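Written out below as structure tokens is the structure these notes cover.
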Amino acid sequence: MLALTELGQRLRQERESKGLSLEDLQKLTKIQKRYLLGIEEGNYEVMPGKFYVRAFIKQYCEAIGLDTDAIFEEYKSDIPSTQTEDMPQQLSRVRSRKEIPQHTKGVSKAYDYLPTVLVVAGVVVVGIIIWVIAQNIVSDKNKEQANQEALNSEVQQSNTQEETNETTAKNDNSKSEDEQSAADKKEQEKEKAEKEKAAKEKAEKEKAEKEKKDSGKQEYKEVQKTGRSATYALSGTDAFNLEVTSTQADTWLDVKNGKGNAFFSSILKKGETKEFDLTKETEARVNIGYSPGVELKVNGKAVDLPFDSSKQVRQVVTIQYQPAEAQ
């Protein structure tokens, strides 16, 4: 195994302090694990090129919350600089053009453009022919249409007078019916809206009363704290609902019950919230890989993390639940 560079040691320590494995970091950055390991060991030979070394180190730093510019400046001796690579194919093409005799260039270029000129000329001639034919067809069609419109106008004038008389009579009869129907419909919609509003207000009031009642009884207190783990007791309530939100950065989140069954074990992305109904459980274990910016709520009420996240990045919170009816 290669000896770690100072940069590699710094990155590995930061990653491990946040409770992230190389597999977790691979999910966050989409960079293959062997390249991440190469960065930590200073083995840049496994990379596709020098450009990728700097790009991958930048993504690594962003994923674990380090200032990229500061890292590049502090460890610039450990990071290779990119250089423009030779392009033999382009140089080869330049030489082939120079080898072409100068006196043949003009003739060759003329022959190259000849097919294009012929094609363009053919298209122009065909377009002119089509345009002339189309003008003749349009002229004949316009004459026929004018004659037909004159005939239709006479018939329409006769029919319009008859329809006007019939419509006037129908409108007089239906006007009063439409007005009455519109008034009834408006009244029905008003009654429906009032009923929906009353039902919504009642539901909100009942919910608020229940939350107030539960919050008055609920008790959440610390039982034990050691290392990076802490245990709390939840009592005085018939519900155990847990919300976990990450507000600053992606973090590893693992939620299990007392039997070790996992409810969630993956990356919790920045701005994402996960909710868990643990009412049927007696214990829940919450493992947070990167605690800065992580918020916990128990039954809708925010609770503090047991440790200062600036001093203890990874934290494990165990909540022991005893329903009120069992007390």
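Some observations on this one:
- Couplings for the stretch 262-276, taken from phi via the Karplus curve 6.51 cos²θ - 1.76 cosθ + 1.60 with θ = phi - 60°, read 8, 8, 7, 8, 6, 7, 9, 6, 4, x, 9, 10, 10, 10, 9 Hz in order; Gly and Pro are left as x.
- Residue among 230, 249, 282 farthest towards the positive dipole end of the stretch 209-321, charges placed on Cβ: 230
- Among the trypsin sites (Lys or Arg not before Pro) within the stretch 1-85, those in coil by DSSP and having at most 16 neighbouring Cβ atoms inside 10 Å are 30, 76.
- Computed accessible area, residue 66, all protein chains, 1.4 angstrom probe, square angstrom: 30
- Sequence-distant residues sharing a close amide H with residue 299 (under 5 Å, placed H): 241, 242, 243
- If you sort 25, 4 by accessible surface, 1.4 Å probe, largest first, the order is 4, 25.
- Couplings 3J(HN,Hα) for the stretch 228-237, derived from phi with the Karplus relation 6.51 cos²θ - 1.76 cosθ + 1.60 (θ = phi - 60°), are 10, 10, 9, 10, 10, 10, 10, 8, x, 8 Hz, where x marks Gly and Pro.
- Links that overshoot a 27 Å alpha carbon limit, given the list 207/259; 197/270; 33/270; 256/297; 200/301: 207/259; 197/270
- Of the trypsin sites (Lys or Arg not before Pro) in the stretch 185-273, the ones in a loop by DSSP (not H, G, I, E or B) with at most 10 other beta carbons within 10 Å are 259.
The values are calculated or read from the model by the stated rules, or taken from the named source; none is laboratory data. Since the structure is predicted, the reported quantities are computational estimates derived from the model, not experimental observations. Reconstructed Cβ throughout: ideal geometry from the backbone, glycine too, with neighbour counts over all protein chains shown. Side chains are part of the model used for accessible areas, which takes the heavy atoms of the whole protein and leaves out ligands, DNA and RNA. Shrake-Rupley method; radii C 1.70, N 1.55, O 1.52, S 1.80 Å.
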